[in-house]
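Since every read-out is calculated from the coordinates, none of them should be taken as a lab result. Here the structure is a predicted model, which means the values were calculated and not measured. Ideal geometry is used to build each Cβ from the backbone, glycine not excepted, and the neighbour counts take in all protein chains shown.
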Amino acid sequence: MRRKLAAGNWKMNGLAADLSELDAMQDAADGAAEVLICPPATLIGQAVARRGAIAIGGQDCHKSGSGAHTGDISAPMLADAGASHVILGHSERRTDHDEHDDDVRAKCRAAWEAGLVAVVCVGETLEEREAQNTLDIIAGQLAGSVPDGATGHNLVIAYEPVWAIGTGKVPSTDEIGDVHDFIRARLERRFGEGVGRSVRILYGGSVKPGNATEIFAVSNVDGALVGGASLKAADFVPIINALGASSA
Ligand code: PGA
């Protein structure tokens, strides 16, 4: 059984005062679904101190454990601060920082060495979807971004269509299901049935309280990676609860 995961990505949002939102998520985090919040790096230590049942993660890590890389954060630093997860290969990292699959793969190895769970993001652009290249793009990103050695404990995949992130646009449930089934099949083929079936696959891109229930009913959707709607408990708690209800 894959435990459902509601993951929040705060991106470059959040000051210390916003950690009160974590307190307001505590009750929901005690439910059936696992809850993860990835605040900005500046807040990880404080978030860990008041996390309760909420897991805390980073939003990126360097491929090296330490060294002369001004401004970067390594996986051992995240682990040392109390983080248990790290998001890797988010489309905003791929675009803003020109990250490619081989970078993500190296970061994923570094995350695993530090004992972190890697949440590896994949997803097509609108042009790629319109050209009917979605599954080829996903296959390439999966093969390129995920190193050998994946297990259900160290890897989570997030399918995030680039055109759905922060836009209010969401693929149809059939479109989400097609990609999630495809990712499941690819994971089983590469890592074997047992591992392939145990890796959780999240959907991300404009998940809101109003669309969560129908998205969580789709096959092979094991939770969500949520941006904007994870910033406030008033939005994220209904999403967590919808996920918990879907696993009942
Ligand atoms: P969004 O972001 O929920 O604001 O669309 C999702 C993400 O980028 O992880």
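Okay, here's what the table says:
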| read-out | value |
| --- | --- |
| Environment charge of Leu88, counting only residues whose C-beta is closer than 11 Å and scoring Lys/Arg +1, Asp/Glu -1 | +2 |
| Cβ-Cβ FRET estimate between Thr70 and Ala248, R0 fixed at 45 Å, reported to 0.05 | 0.40 |
| Within the stretch 10-100: Cβ-based charge dipole about Cα centre, in debye rounded to nearest 20 (Lys, Arg +1; Asp, Glu -1) | 180 |
| Relative contact order of the chain, defined on C-alpha pairs under 8 angstrom at six or more residues apart (%) | 22 |
| At q = 0.07, 0.10, 0.16 Å⁻¹, base-10 log of I(q)/I(0) for the chain (Debye sum, equal scatterers on each alpha carbon) | -0.20, -0.42, -1.16 |
| Kyte-Doolittle mean at least 0.5 and Cα axial length at least 15 Å: DSSP H helices in the chain | 134-145, 233-246 |
| Ellipticity estimate at 222 nm from DSSP helix runs (n ≥ 4, -39,500 (n - 2.57)) divided over the chain, nearest 500 | -12000 deg cm²/dmol |
| Top positive-direction residue, dipole computed over the stretch 33-188 with Cβ charges, set Phe182, Ala53, Pro161 | Ala53 |
| Cross-link pairs Lys4/Lys63; Lys11/Lys208; Lys4/Lys208; Lys107/Lys169; Lys107/Lys208; Lys63/Lys232 - those with Cα-Cα distance over 24 Å | Lys4/Lys63; Lys107/Lys169; Lys107/Lys208; Lys63/Lys232 |
| Distant alpha-carbon pairs in the stretch 1-70 (separation over 18 angstrom), percent | 42 |
| Residue order, fewest to most beta carbons within 10 Å, for Ile73, Ile87 | Ile73, Ile87 |
| Label point 7 Å beyond Cα of Thr95 along Cβ direction - residues of the stretch 1-42 with amide nitrogen under 17 Å | 9-13 |
| Summed side-chain charge close to Val237 - residues other than Val237 whose Cβ falls under 13 Å, Lys, Arg +1, Asp, Glu -1 | -3 |
| For the stretch 139-206, radius of gyration divided by Kirkwood radius, i.e. Rg to Rh on alpha-carbons | 0.99 |
| The stretch 3-123 - Rg (one decimal) and Dmax (whole number), Cα, Å | 14.0, 42 |
| Those residues of the stretch 175-207 whose amide nitrogen sits under 19 Å from the label point placed on Ala24, 7 Å along Cα→Cβ | 207 |
| For Leu231, Leu243, Leu155, order by how many other beta-carbon atoms lie within 10 Å, fewest first | Leu231, Leu155, Leu243 |
| Computed FRET value (nearest 0.05) for Arg189 with Thr125, which takes r as the C-beta separation and R₀ as 30 Å | 0.75 |
